[in-house]
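Written below as structure tokens is the structure these notes are about.
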Amino acid sequence: MVWMTAVEALAVLDVRPQTLYANVSRGKIRAKPDGDDPRRSLYHRDDVLRMARRSNGRRKVEAVSAQAMQYGDPVLSSSLSTAAGGRLLYRGQDAAALAETASLEDVAALLWECDAALVRLGVPLAAADPATSAAATGRGAGLTALALCAAADPPSLGRAAATLHTEAADLLATLVQAMAGPPDGGDIKLPVSARLARAWGCEASEDLIRRTLVLLADHELNASTFATRVAISTGAALSAGVLAGFATLTGPLHGGASAEFAQLRTLAEQIGPDDAVRQWLASGRPLPAFGHPLYAEGDPRARALLKWLPQLQPYQALAVAAEAQAGELPNIDFALSLLTAACGLPQEAPFILFAVGRCVGWLAHALEQVQANRLIRPRASYTGPA
């Protein structure tokens, strides 16, 4: 179950009740009234388990490192973005507020610390390659285009910042072309959101696409960003770092979460939303597209996007059932799926939006890692034969 009683939580934490209540008041453990007895509270399992791993705040270095790899303590210094106080911040600016007016190019300029005009002048690095033709677009074309660049590009270390900024803009343009197809006429001068909207034949939805790209641009040290930084820490080319991030994004627990949510949505259409959520939870699997470990009060990216989207079924009913049965609110994967349905976008649109938007963040972290000039090399906690 997602929620546990006070007795169960105290048994896991091995602390006094006062300590449990203090962690709730500090926002470290989520709590809600018990539906069977309003005088009692229930406590979120993931939060309780996370606090239990802390061993009352006195952890050995090995335990700290292991926990840090699983939504624990920070493992790298970064000035780019952070989830704090229920908000996502890009260099101290609220991402949801930026999404009201900013373009993806504006956010790239903010995160890369360069002129926005440079971002808009990016030229695809593999424009003549068959992989970026209209006949081959989407995930496979993105992987191919990035791999071609990575095979030919120079290392990132020891190069001028201005040169790397230009290369980053060109890489973003390359990925956009690979995912959306080559531009028609003057389309290459259009913002990324307009390019995607035109490629998908949904120009009326461009503003929603723009907002989505801004909200997806970065998310501190997520799995794909960490992969990018590890690659860049070896001195690899910017394109190699973006390729590492892109490959990591394809996993079902990261950029592929929308595809798993599609299974839940199909099940809801077959047996009803309440029974679908109940059956999914009974299988022991976490609900896809609901909840996020970094946001106790709900994903602010989803909140910023959902207010502009219609309430379609079975999405709305699934959201109600997920909150009632698991105490989880919709996250950005839910919003991407609803956006796709509401605007008639292609099936792969959630992944494409995620990859194109997050490419800005990958490149920002790559540029920051170049400046750090330090190899990322964690140690393994050996559990094999002596």
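Every number in this text was worked out from the coordinates using simple rules, so none of it is lab data. Keep in mind it's a predicted model, so treat the numbers as computed, not measured. No Cβ is skipped: glycine too gets one built from the backbone with ideal geometry, and neighbour counts run over all protein chains shown.
What's the angle, to the nearest 10 degrees (0 to 90), between helix 161-180's Cα axis and the longest principal axis of the chain?
So the inclination is approximately 80 degrees.
Taking neighbour Cβ counts within 10 Å as the exposure measure, how do Tyr21, Tyr43, Tyr295 sort from fewest upward? Working shown, then result.
Numbers: Tyr21 14, Tyr43 23, Tyr295 19.
With the sparsest Cβ surroundings first, the list reads Tyr21, Tyr295, Tyr43.
Arrange the following residues from fewest to most other Cβ atoms within 10 Å of their Cβ: Tyr382, Tyr315.
Working: Tyr382 7, Tyr315 24.
Taking fewest neighbouring Cβ atoms as first place, the list is Tyr382, Tyr315.
Under a point spin-label approximation (7 Å from Cα along Cα-to-Cβ), what is the Ala341-Thr19 distance to one decimal in nm?
4.4
Let's see if you can work this out: charge +1 on each Lys and Arg Cβ, -1 on each Asp and Glu Cβ, no other charges. What is the dipole magnitude of the chain about its Cα centre, in debye to the nearest 20? Display every interim value, and only then the final one.
Working: 35 positive and 37 negative charges, 265 e Å.
With Lys and Arg at +1 and Asp and Glu at -1, about 1280 debye.
Assign unit charges at the C-beta atoms only (+1 for Lys and Arg, -1 for Asp and Glu), then state the dipole size of region 204-350 relative to its Cα centre in Debye, rounded to the nearest 20.
Numbers: 9 positive and 14 negative charges, 40 e Å.
Computed charge dipole of region 204-350: roughly 200 debye.
Taking neighbour Cβ counts within 10 Å as the exposure measure, how do Arg87, Arg301, Arg120, Arg265 sort from fewest upward? Don't jump to the answer; show the numbers that get you there.
Working: Arg87 16, Arg301 27, Arg120 19, Arg265 22.
Sorted ascending by nearby Cβ count, the order is Arg87, Arg120, Arg265, Arg301.
Amide H to amide H under 5 Å from Trp3: which residues, 5+ apart in sequence or cross-chain, H placed 1.01 Å off N in plane?
The answer is Arg45.
Under the rule of -39500 (n - 2.57) per DSSP H run of 4 or more residues, summed and divided by the residues of the chain, what mean residue ellipticity at 222 nm is obtained, to the nearest 500 deg cm²/dmol?
Details: 19 runs with 207 residues, N = 386.
My calculation for the chain gives -16000 deg cm²/dmol from helical runs alone.
Taking the Cα centre of each part, how many Å lie between region 1-55 and region 215-278?
A separation of 29 Å, based on Cα centres.
Compute the signed sum of charges (Lys and Arg +1, Asp and Glu -1) over the other residues within less than 10 Å, Cβ to Cβ, of Leu329.
Within the 10 Å Cβ shell, the charges total -3.
First select every other residue whose beta carbon is under 12 angstrom from the beta carbon of Leu164; then total the charges, Lys and Arg +1, Asp and Glu -1. Before the final figure, lay out the partial values.
Details: positive: Arg159; negative: Glu113, Asp153, Glu167, Asp170, Glu368.
Result for the local shell: -4.
For Ala161 and Asp275, calculate 0.36 nm times their separation in residues minus their Cα-Cα distance, and state this gained length in nm to one decimal. Walk me through the intermediate numbers first.
Working: separation 114, 0.36 × 114 = 41.04 nm, distance 5.47 nm.
Result: 35.6 nm gained on full extension.
Calculate the spin-label point distance for Gln316 paired with Ala97, positioning each point 7 Å from the Cα along the beta-carbon direction, and give it in nanometres.
According to this spin-label approximation, the distance is 3.2 nm.
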